[in-house]
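Asks: Take a look at this one; I'll ask things after.
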Amino acid sequence: MGIDTTCIHGGYQAGNGEPRCLPIYLSTTFHYDTTDAVANLFDHPEQGHMYSRITNPTCAAVEEKIAALEGGAAAMLTSSGQMASFLTVANLCKAGDHCVVSSAIYGGTINLFTTTLPKFGITTTFVSPRATKEEIAAAIRPETKLVFGEVVANPALAVLDLETFASAAHEAGLPLVVDNTFPTPVLCRPIEWGADIVVHSTTKYMDGHAIIVGGVIVDSGKFDWAASGRFPDFTEPDESYHGTIYTRDYGKIAFIMKARMQLMRDFGVNPPATNAFILNETLETLALRMRRHTSTAQKVAEYLEARPEVDSVNFPGLKSNSYHELANKYLPDGPCGVISFVVGDGKGSKGGSRDRAAAVLDHLKLVSQEVHVADSQTCALHPATSTHRQLTDEQLLAAGIYPGMIRLSCGLEDPKDILSDLEQAFAALA
Ligand code: PLP
């Protein structure tokens, strides 16, 4: 099936006389006729549903759809994107283990690696998203368990060199984990470039209408946990689940089954079936929406680049962008709908003008100010006065967040209306 078809038909197809729409199975538990049937379920939890913290038929259909979209073997929905990243790390690491992570990732994920995971005894070495294979290899230690990066980073919009990161990871017997939230599988399928595990904040484009916080983990099914030699938890009996050996018993879906039977069981961070139902509906239009988001962003980025009030525009679809070549390679249909740009102070100061950026934002009528991206409605944010307001101008510059920077997430409105809203906001600066 083509990706547009998978968006609609993946995971659930009605049988004769069955509901056209994926049903919402609001049931915590499931009925069985015999003790043998229940015992069999404990031996083969992948063959049925026992309890909705572990699996639920509505969630399972959406998991199957997303796994198909990414070209993976299995997926597991989580309560948020943050939980998808955390469970992925927790499925691979224990206290004393170590991660190698691209420094261009979402701020919340940086916090996870720098603040929270060290409290569990898991440490991280950051490498540049432009790191060479040798630099990545130099950061890997005997206790390293994963290499992590974001395909298109929020908010830096850096494009990860997937093949370089994958080959450095694989040579060391490690899986490459990537966050593919911004491109979605419509614009990039990282498994085809060597990624082993893909995580998403479904809160962003997969939902796409600013309705529900959620996440998902997709297992490519391609990583050889036994051959790596670094993952005894995958190849030795799990005494907490009656001696299961994940690689032996689940083959290509060992990673997701281990995450489900150990971590979802213990943490209970499953989404409700109602959320999965809504995600299934929004996913039906994902391919259509992503093409529109990214083509509008291209038009808006080109418009902004020509504006005298704008000092610089960061969008990998622009020829002037330092990630343009990587974007052409991994994201030929466009990177995503998010742009950042710096409103100048007219004197050429490096960080642009905090006040003029705020003035542009305050004059916008259609575009709304929100702490969000990847939504059907175009929205914008001034990081210097919001997400990064605790930093001084000097600290902002060091973090690559200029005082005059605006983050703009292009929605699905008529691109002409977005451009004319920007036009009148710039006119108000004069
Ligand atoms: N990954 C990326 C790239 C994000 O942008 C975000 C949130 O903005 C997350 C992960 C975390 O997702 P959530 O907010 O669903 O927990």
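Asks: Would you mind checking which residues have amide H under 5 Å from GLN369's amide H? H placed 1.01 Å from N; only 5 or more apart, or other chain.
Replies: Residues meeting the criterion, in which the H sits 1.01 Å from N, are ALA380.
Asks: List the trypsin sites (Lys or Arg not before Pro) within region 100-149 that fall in a DSSP loop (any state other than H, G, I, E or B) and whose Cβ has at most 15 other Cβ atoms within 10 Å.
Replies: On the way: sites: LYS119, ARG130, LYS133, LYS145; in loops: ARG130.
Answer in residue order: no site qualifies.
Asks: Over region 288-427, what is the percentage of antiparallel beta bridges among all DSSP beta bridges, to the nearest 5? Let's see the in-between values first.
Replies: Working: 12 of 14 bridges.
For region 288-427, the DSSP antiparallel bridge percentage is about 85.
Asks: Given labels modelled 7 Å from the Cα in the Cβ direction, how far is it in nm from ASP266 to SER167?
Replies: Inter-label distance under the simple model: 3.7 nm.
Asks: With θ taken as phi - 60° and the coefficients 6.51, -1.76 and 1.60, list the Karplus ³J(HN,Hα) couplings across region 142-156 in order, rounded to whole Hz; mark glycine and proline as x.
Replies: x, 9, 6, 10, 6, 10, 10, x, 10, 4, 10, 6, 9, x, 5
Asks: Among the lysines, which fall within straight-line cross-link reach of LYS94, defined as a Cα-Cα distance under 25 Å, with same-chain neighbours fewer than 8 residues apart omitted?
Replies: Qualifying lysines at Cα under 25 Å: LYS119, LYS145, LYS222, LYS252, LYS258.
Asks: Among the GluC sites (Glu not before Pro) in region 145-199, which ones are in a DSSP loop with at most 15 other Cβ atoms within 10 Å of the Cβ? Mind listing them? All intermediate terms of the calculation are to be shown ahead of the outcome.
Replies: On the way: sites: GLU150, GLU163, GLU171, GLU192; in loops: none.
Answer by residue number: there is no such site.
Asks: When the helices in the chain are scored as -39500 (n - 2.57) per DSSP H run of 4 or longer and the sum is shared across all residues, what 222 nm value do you end up with, to the nearest 500 deg cm²/dmol?
Replies: Values: 18 runs with 153 residues, N = 430.
Result for the chain: -10000 deg cm²/dmol, rounded to the nearest 500.
Asks: Can you run phi through the Karplus equation (6.51, -1.76, 1.60; θ = phi - 60°) for region 134-141 and list ³J(HN,Hα) in whole Hz, with x for Gly and Pro?
Replies: For region 134-141, the Karplus curve yields 5, 5, 5, 4, 5, 7, 7, 10 Hz.
Asks: Could you derive backbone 3J(HN,Hα) for region 93-110 from the dihedral phi with the Karplus parameters 6.51, -1.76 and 1.60 (θ = phi - 60°), listing whole Hz in sequence and x where the residue is Gly or Pro?
Replies: Ordered by residue, 3J(HN,Hα) equals 10, 10, 3, x, 8, 8, 10, 10, 10, 5, 6, 8, 9, 4, x, x, 6, 4 Hz.
Asks: So who's got an amide H within less than 5 Å of the one on THR124, skipping anything under 5 residues away but keeping other chains? H placed 1.01 Å off N, in plane.
Replies: Close amide H contacts, sequence-distant or interchain: CYS99.
Asks: Can I ask one more? Tell me which residues come under 5 Å, amide H to amide H, from THR78 once H is placed; ignore anything under 5 positions away on its chain.
Replies: Close amide H contacts, sequence-distant or interchain: GLY215, VAL216, ILE217.
Asks: Leaving out ligands, DNA and RNA, and with a 1.4 Å probe, what % of the accessible surface on the chain is carbon or sulfur? Intermediate values should be presented prior to the final figure.
Replies: On the way: 9400 of 17600 Å².
Summing carbon and sulfur atoms, their accessible area is 53 percent of the total for the chain.
Asks: Further, regarding this structure: Below 8 Å, C-alpha to C-alpha, sequence gap of six or more: please give me the relative contact order for region 324-430 in percent. Before the final figure, lay out the partial values.
Replies: Numbers: 181 pairs, mean separation 35.7, N = 107.
Across region 324-430, relative contact order equals 33 percent.
Asks: Using the heavy atoms of the protein chains alone and a 1.4 angstrom probe, what is the accessible area of region 244-332 per residue in square angstrom?
Replies: On the way: 3650 Å² over 89 residues.
In whole numbers, region 244-332 has 41 Å² accessible per residue.
Asks: Based on the Cβ-Cβ distance from LYS319 to THR29, what FRET efficiency comes out when R0 is 45 Å, to the nearest 0.05? Before the final figure, lay out each step's value.
Replies: Numbers: r = 57 Å, r/R0 = 1.26.
After rounding to 0.05, the efficiency reads 0.20.
Asks: Then there is this: What length, rounded to one decimal in nm, is gained on full extension from ALA398 through to MET50, with 0.36 nm per residue of separation minus their alpha-carbon distance?
Replies: Working: separation 348, 0.36 × 348 = 125.28 nm, distance 5.12 nm.
Computed gain between ALA398 and MET50 is 120.2 nm.
Asks: Within straight cross-link reach of LYS365, meaning Cα distance under 27 Å, which lysines are found once same-chain residues fewer than 8 apart are removed?
Replies: LYS204, LYS299, LYS416
The values are calculated or read from the model by the stated rules, or taken from the named source; none is laboratory data. Please read these numbers as outputs of a predicted model, since none were measured by experiment. All Cβ positions, even for glycine, are placed from backbone atoms using ideal geometry, and neighbour counts span all protein chains on display. Remember, those area values only see protein heavy atoms, side chains included, never the ligands or the DNA or RNA. Shrake-Rupley method; radii C 1.70, N 1.55, O 1.52, S 1.80 Å.
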